[in-house]
Amino acid sequence: MRKERELILEEPDAQKRADLLALAVTIASRYFDRAFLWRFFREELEQMREATFVEEWVQEGIERGLQQGLRQGEVEGTRHTHRQNTLQILRARFNLSRQELEPLAEQLETIDDLDELRELFNHALLDVTAADFGARLSRMGNGRQS
């Protein structure tokens, strides 16, 4: 690896040298511990930051992370909305107090599956009593845990 580093450092073009250093570290990371590589290439780290493809990888990683975060946020927002709407319907239909809603809210929070939350929303609209809804909610929760 020393020989490769020496050869790379002889490259006169700074951009090409940065790309080669970053590529060498990438390949070496398959065989060597990351901490060792950072120590071995510590003097070249600043040059590697200028590597074209490393910058592209970092940017792609940031973009993927943002997209994934947005998707997760949308899904969590949809879950939250279904839970809140379900509780609102139960409160209005069955005139439930906060104390009566609290255990239902806690059980709803344990359900992450959107299809199950949609199904429970529909049952909040259609079930004859709050007890019927509570029993259904308990069955769904118990069915998931087994």
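The values are calculated or read from the model by the stated rules, or taken from the named source; none is laboratory data. Because the structure is a prediction, the values reported are computed rather than measured. With ideal geometry, Cβ positions are generated from the backbone for all residues, glycine too; neighbour counts draw on all protein chains shown.
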What are the residues in segment 23-39 that are modelled with pLDDT under 80 and surrounded by 12 or more Cβ atoms within 10 Å (Cβ to Cβ), if any? L37
Of I89, I62, which residue is in a helix (DSSP H, G or I), outside the structural domain of N122 (by TED's automatic domain parsing) and β-branched (V, I, T)? I62
